[in-house]
1. Please identify every one of the chymotrypsin sites (Phe, Trp or Tyr not before Pro) in segment 466-552 that sits in a loop by DSSP and has no more than 11 other beta carbons within 10 Å of its own beta carbon.
2. What does the highest-first list of 180-189, 396-405 look like by mean Cβ count within 10 Å?
3. Can you give me the relative contact order of the chain as a percent, contacts being Cα pairs under 8 Å and 6 or more apart?
4. Helix-only mean residue ellipticity at 222 nm, the chain, DSSP H runs n ≥ 4 weighted -39,500 (n - 2.57), per residue, nearest 500. What is it?
5. Can you put Y346, Y294 in order of accessible area, largest first, using a 1.4 Å probe?
6. So, by mean Cβ neighbours within 10 angstrom, what's the order for 440-447, 106-113 with the highest one leading?
7. Please calculate how many Å² of accessible area the chain carries per residue, with a 1.4 Å probe and no DNA, RNA or ligand atoms counted.
8. What are the ³J(HN,Hα) couplings of segment 510-515, residue after residue, when phi is run through the Karplus curve with 6.51, -1.76, 1.60 and θ = phi - 60°? Round to Hz, x for glycine and proline.
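The values are calculated or read from the model by the stated rules, or taken from the named source; none is laboratory data. As the structure is a computational prediction, the values presented were derived from the model and not from experiment. In this analysis, Cβ positions are derived from the backbone assuming ideal geometry, glycine residues included, and neighbour counts consider all displayed protein chains. Remember, those area values only see protein heavy atoms, side chains included, never the ligands or the DNA or RNA. Shrake-Rupley method; radii C 1.70, N 1.55, O 1.52, S 1.80 Å.
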Amino acid sequence: MATPPPPLRRATLLLAAVLVGALASTARADLVISRADRRVDLTSHIVRVLSSLKVENVGPDPDSQVLLSSPNIQAKNLAAIRAFATEGKVKGPSTVLSIEVVQPSGAPPELTFFSALLPKPLEKGKILHLDVLTVFTHSLQPFPEEINQAEAQLVVYQDSAHYLSPYPVKVQTLAIRLPGGRVESYTRHPSAKLVDSELKYGSSEELPPFSYLPVIVHFENNNPFAVAKEVIREIEISHWGNVQITEHYNIAHGGARLKGEFSRIDYQSRPYVRGVSSFRNLIARLPPRAHSIYYRDEIGNISTSHLWSDSKKTQLEIEPRFPLFGGWQTTFTVGYGLPLQDFVFYSDGKRFLNITFGSPIEEILIEKLIVKVVLPEGSKDIEVSAPFPTKQWQEVKYSHLDIVGRPVVVLEKPDVIPEHNLYFQVYYKFNNISLLREPLMLITGFFLLFLACIVYMGTDMSISKSSPSYLAKLQWDEVQATVQKIQGIFEQCLAVHDKLEASLRDLSRTGDIQSCKAARKAADAQFKELSKELKPLLTSLQSSPQSYQIWPKVEDLIIKEREMQEKLMTRHSTVVDSFEKKLRGQHLENRIALQQQKIAALRQEVESLLEYISEI
């Protein structure tokens, strides 16, 4: 047999110490277990032990309870324990027994005791058939703790070949069901026998109380070790006909951690060889009439999922974006809707939600499950009935068109397994008139909106014509119109200046003095006409109180343009006179050079003033 890991060796020594202390203590002799058959299921990472006990009262007095014991190192991983009893020599319909943790006087502290309370005391000589189901988590320890991509996952399980009980056991057997694959080693006793995927330890007889015989099995288990660090399950009730379920998962592979690098090529080519220890999908069994099912994560919708449904079930195959090896984790969200009439009922003046507590995903261990039941706004007198203890409190959630918010019942439980996927009930009172609240709010809102539009369209929102602001606006509009006309006149003046310049160029080219004089005469006529048009505009602009900013610039513009006009006329007369007297060459250029410089400077100033006035 392979050497067990150090934690298991220490656990074996501890259990041996427990055995010595337990045998020294006084055990109850009223009850005797005439037969104990145990079946341990190791096909999953969740360990299930079913103990079928035949209990007989050999004492003089009736007994109302049966004590069950478990080592503390196992009890700390106990997720669920249930007991079913039938009185009589032949098994019949069983009764579910209530179980509570007790600490009998004189019992060893290294053991945890449970009391299965009988519906009626077991009389002297009577026989009780008792089936006890215990479910453990984190009881399969990976060994080795790290493996590479191509290696299979090996785990170690430790138990006792003898049924650990405070009562004498006459006959007992143990059968361990393995998932298949290779078995590295197991504790060999004379009665041990491995057949296919089942390890049997044969009949042991006349065992004293607290009898213990250590058993260690080292075997291959590549089934998904799906461990959810936290699951938030929100159940939102709408009395318009729907129950919306939203489940947020944070799932990790709880098996042997992956060492080394991951090769996607090797995994894609031979996934069942180069990724045998990983899992790439999970199965969720949803209620039969689930609809509007979605599966997404932070990135968006995940299309690698498959859905099958019929009249009896709805099965969703969830495939993450990448395979999960030991130590890897992923997060995702699953949501779906359910018909209201299938899960919300009415009884004794109250409505109640009747729905399962746990996750619909198969063989998943949830280390922390938070279930939030969002009731309709206006619900009151809220009560919760759960089949097991949970931490409970209430919150308030605000959604669209809510006023006081929706009451939220929150239930929290650690170490949730498939056996906890039982029905629980949330009772509340809800008035049907509250259903009309949101439609009435919408109708009222649209009515007020249309009424506001009608009032707005029928109201004169313009400024009064007698108000100072309105008059000021009119005056400013008049100033703008006048300034635009003045700008147009000065632009025409500049165009006349350009024509005079062109006539001088033609004179120097052709020598036609008469044509140049005709251009001068036409320019004089245009200047006079423009001056007549400008005069009333200047008078109007000067009289307006809104022109205080622009009037000084207009005055400068008038002065500069007139000065430029005079210089241009003087230059024109000088050039024509020189041509008539036939004075050309250097003498003519000297006479007009200074005039030309002054005209160019004045033209630049006039254009700058026009641009400034245009910006104002």
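1. Sparse-neighbourhood loop chymotrypsin sites (Phe, Trp or Tyr not before Pro): Y548.
2. 180-189, 396-405
3. Across the chain, relative contact order equals 10 percent.
4. Rounded to the nearest 500, it is -10500 deg cm²/dmol.
5. Y346, Y294
6. 106-113, 440-447
7. Roughly 52 Å² per residue, with all protein chains present.
8. Once θ is set to phi - 60°, the couplings for segment 510-515 become 9, x, 7, 6, 5, 4 Hz.
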